[in-house]
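To keep things clear, I will list the structure first and then write my remarks on it.
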Ligand code: ADP
């Protein structure tokens, strides 16, 4: 045994001396060797040797008999070659092919099990494989199918060409291709197939073949079509319903308006108390019915996308004050405090739909008043966001009412939904108000949400976007009196409104002292003169009875030490309307609740001005043929402390001048009037007293009027319509200008 052999067998030290080959061989090796010794001849056999450590090694054993010179057998020469590697490779190969075959079997079986049609196409455009369902459809065997193409298999040429083309595309683009195709079965039935072709890449990265699968989607298509037509039918029905609702509401609304108009006419006539009461009930029912009809009409319009928003320039603060006043009456009837808090940052002019804004606010405030039995309702308006071209305002209506349970809060915005079905009879309503509000808010580019706790109250918030040209409001008219530094005493029982008033007063530089009762107010008032800082203003906001406020005012006026303070009284519109005592002389200015910032400021300035020793209060003669406008202008002037004379035309104005004992400083006159023009009137008036200033008002622009020679250039003029502030500013400008013969500053 040579060294390599000894190494192979692990018996290096003695190189096998004293051993026989049999000890190292496996069974087959021993048999082969034994046979060789029986009949010596060259022999090659694969045998396994065992090593000393028990492991084995495959070898190729090559034995050759050795003969001596006499030709006798004298032994054998054995050559042993290690073939372990070769053996292993062969085994691996066998295993691999076994595995490959198995995998093929699995794939074939799988592809044949699925109900979709599956096949493999080669680059030459022939089937390599087709699964059983497709073979069954074609009625041929796999052997018959392999090597054929769609044309061979009798596909309609157009479809066959399309499929071939798409498969070719997969080979070229290496991308998956999908599509749908209609088909007609051999039995003549129409249907739809959906197919997908995907690339299988070879070792070189090119597409080697394309796997295709086709699915019959006739059923799905049919279901889809049915769903679509069901949806269309439902939508059409819905549209028809909305249209019907809309038409019906419209048809009902017209006569309803007639009914309401007649009721009002009759209410204006002489009636017995009982008749009046009954008719009031009819009216309130008719009003309620009209609200429901209007709601339904709006709802159906919004649903049909027929509701469009106006784009009108308006002053949010003024608009809100107008909206709130009638609601204040309803709140007052229930003894609720209605408080308005408009952030001064809210711009004075925005562009949007004030009518629709009003509708949302009326609904939210109406609900808040309806669902609140005691406490207060607060409307807050703040500036949420401002860009170069628009602003987002945020409106919050908070109440201390019944609240809405958490689980019902979302559904109150749904059509015809009410938080508690059982409260319907108690509170009335259709459940449409919030739905419409939510949709209007959406149209206004905002959102609406609610925070509420049952038994505590609710807060409805919404935002709305308005166009805003960034142009800041007109400068406020110069006040006739500067309120800064004045001391004011406030008597208000309600903490929320007390806080709000305090905040506004401080904002204007007024020094407020806040009290919650008449007794406290009197204590503070009486202590002030002694301390050296008497109050110039007393603001009374009593809920009820107003008589208590009047009593307090009279006490103040009766005590000389404190009578110098002007009294401003906040009252409800109802009381102001129907009580004679409302005009008590101890009260300088009445303001109706809820109070707005501008009204409170105007009231305070008016009260302070009234308290001024009035050496010759300025008197204005207002001449305007339109009664509504004349009324509005005179009221504005009056409120500012001017003495006002009024006339509907030129001759009447001249008559006023003749017998009036008032000394008129300003003639405020319309330009175009019957009987005598404004210009003619002014000429006569100034002839009568050259010191009288003239301010013309007209619906024509000053340009047009000058162009037509009606007025001379440079004449003082205000263009109708104007706001009270604009009018007051113009009047101050005209009155304060030094005039001929007055020599002010000259
Ligand atoms: P309506 O008031 O006509 O029933 P709305 O859509 O305006 O319809 O309101 C839907 C429901 O939401 C109301 O019926 C009420 O249950 C609830 N709700 C609305 N506002 C309030 C509120 N401020 N407090 C308590 N519940 C409210």
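The values are calculated or read from the model by the stated rules, or taken from the named source; none is laboratory data. Owing to the predicted nature of the structure, the values given are computational and were not obtained by experimental measurement. Cβ sites come from the backbone with ideal geometry, for glycine too, and all protein chains shown count toward neighbours.
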Exercise for the section: Taking residue 673 as meeting all but one of (1) surrounded by 19 or more Cβ atoms within 10 Å (Cβ to Cβ); (2) touching a strand residue (DSSP E or B) at 6+ places or on another chain (Cβ under 8 Å); (3) not in a loop (DSSP other than H, G, I, E, B), write down the number of the exception. Expected result: (3)
Problem - Pairs where the first residue, in segment 16-40, is touching a residue at least 40 places away in the same chain (Cβ under 8 Å) and the second is surrounded by 12 or more Cβ atoms within 10 Å (Cβ to Cβ) and not in a helix (DSSP H, G or I), C-beta under 8 Å, 6+ apart - result: 21/78; 36/43; 36/63; 36/65; 36/76
Practice task
Answer yes or no as to whether residue 77 is exposed (fewer than 15 other Cβ atoms within 10 Å of the Cβ), outside any helix (DSSP H, G or I) and modelled with pLDDT of 85 or more.
Solution key: yes
Problem - Criterion violated by residue 348 - all others in (1) out of contact with any strand residue (DSSP E or B) (no Cβ under 7 Å at 6 or more places or on another chain); (2) away from the ligand (no atom under 16 Å from the Cβ); (3) within 30 Å of residue 242 (Cα to Cα) satisfied - result: (3)
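Picking from 153, 107, which residue would you name as being assigned to a helix (DSSP H, G or I) and over 30 Å from residue 58 (Cα atoms)? Working first, answer last.
Details: 153 fails: assigned to a helix (DSSP H, G or I).
None of the others qualify; the one that does is 107.
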Problem - Residue check for residue 365: within 23 Å of the chain's Cα centre (by Cα) and closer than 23 Å to residue 404 by Cα - result: yes
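Give the residue, chosen from 397, 412, 402, that is near the ligand (Cβ under 9 Å from one of its atoms), modelled with pLDDT of 90 or more, closer than 28 Å to residue 337 by Cβ and under 23 Å from the mean Cα position of the chain (by Cα). Outline the logic, then answer.
Values: 412 fails: modelled with pLDDT of 90 or more; 402 fails: under 23 Å from the mean Cα position of the chain (by Cα).
None of the other options fit; the residue is 397.
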Fill in the blank from the handout: Residue pairs within 7 Å by beta carbon, gap of at least six or interchain, first lying in segment 236-253 and under 10 Å from residue 304 (Cα atoms), second part of a helix (DSSP H, G or I), listed first then second, are 242/300; 242/303; 246/297; 246/300; 246/301
Handout entry: Hits in segment 217-263 - residues which are under 29 Å from residue 279 (Cα atoms) and surrounded by fewer than 12 Cβ atoms within 10 Å (Cβ to Cβ)
Key = 251, 254, 255, 258, 261, 262
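Looking only at residues that are more than 13 Å from residue 62 (Cα to Cα) and touching a strand residue (DSSP E or B) at 6+ places or on another chain (Cβ under 7 Å) in segment 22-47, which one is surrounded by the fewest Cβ atoms within 10 Å (Cβ to Cβ)?
Step one: of segment 22-47, the residues more than 13 Å from residue 62 (Cα to Cα) are 22-28, 30-31, 34-35, 37-39.
Still in the running and touching a strand residue (DSSP E or B) at 6+ places or on another chain (Cβ under 7 Å): 24-26, 28.
Details: 24: 25, 25: 21, 26: 14, 28: 12.
Top of the filtered list is 28.
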Exercise for the section: Looking only at segment 380-394, decide whether some residue is within 16 Å of the ligand (Cβ to nearest atom) and in contact with a helix residue (DSSP H, G or I) (Cβ under 6 Å, 6 or more places away or on another chain). Expected result: no
Practice task
Report yes if some residue within segment 687-703 is in contact with a helix residue (DSSP H, G or I) (Cβ under 6 Å, 6 or more places away or on another chain), closer than 20 Å to residue 732 by Cα and in a loop (DSSP other than H, G, I, E, B); otherwise report no.
Solution key: yes
Practice task
Give the residue, chosen from 297, 338, that is within 16 Å of the ligand (Cβ to nearest atom) and closer than 18 Å to residue 594 by Cα.
Solution key: 338
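Could you check segment 297-323 and list, in sequence order, the residues that are in a helix (DSSP H, G or I) and at pLDDT below 85? Outline the logic, then answer.
Going residue by residue through segment 297-323, those that are in a helix (DSSP H, G or I) are 297-303, 316-323.
Scanning segment 297-323 gives 297, 298, 299, 300, 301, 302, 303, 318, 321, 322, 323.
Could you tell me how many of the residues in segment 277-294 are loosely packed, with under 14 Cβ neighbours inside 10 Å and either more than 16 Å from the ligand (Cβ to nearest atom) or within 30 Å of residue 442 (Cα to Cα) (or both)?
Taking segment 277-294 as the starting set, the residues that turn out to be loosely packed, with under 14 Cβ neighbours inside 10 Å are 277-278, 280-281, 284-285, 287-288.
Narrowing further to those that are either more than 16 Å from the ligand (Cβ to nearest atom) or within 30 Å of residue 442 (Cα to Cα) (or both): 277-278, 280-281, 287-288.
Total satisfying the criteria: 6.
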Completion exercise
Output for Cβ contacts, cut-off 9 Å, separation at least six or different chains, first residue at positive phi in segment 612-641, second crowded, with 16+ Cβ neighbours inside 10 Å and modelled with pLDDT of 80 or more, reads 616/665; 641/605; 641/606
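Quick grid of which residues meet (1) in contact with a strand residue (DSSP E or B) (Cβ under 8 Å, 6 or more places away or on another chain); (2) surrounded by fewer than 18 Cβ atoms within 10 Å (Cβ to Cβ):
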position: 326; (1), (2): no, yes
position: 352; (1), (2): yes, no
position: 377; (1), (2): yes, no
position: 386; (1), (2): yes, yes
Practice task
Go through the residues of segment 476-487 one by one and say whether even a single one is touching a helix residue (DSSP H, G or I) at 6+ places or on another chain (Cβ under 8 Å), at pLDDT 85 or above, over 29 Å from residue 357 (Cβ atoms) and more than 16 Å from the ligand (Cβ to nearest atom).
Solution key: yes
Fill in the blank from the handout: Residue hits (segment 119-154; buried (at least 16 other Cβ atoms within 10 Å of the Cβ), more than 17 Å from residue 216 (Cβ to Cβ), touching a helix residue (DSSP H, G or I) at 6+ places or on another chain (Cβ under 7 Å) and touching a residue at least 60 places away in the same chain (Cβ under 8 Å)) are 121
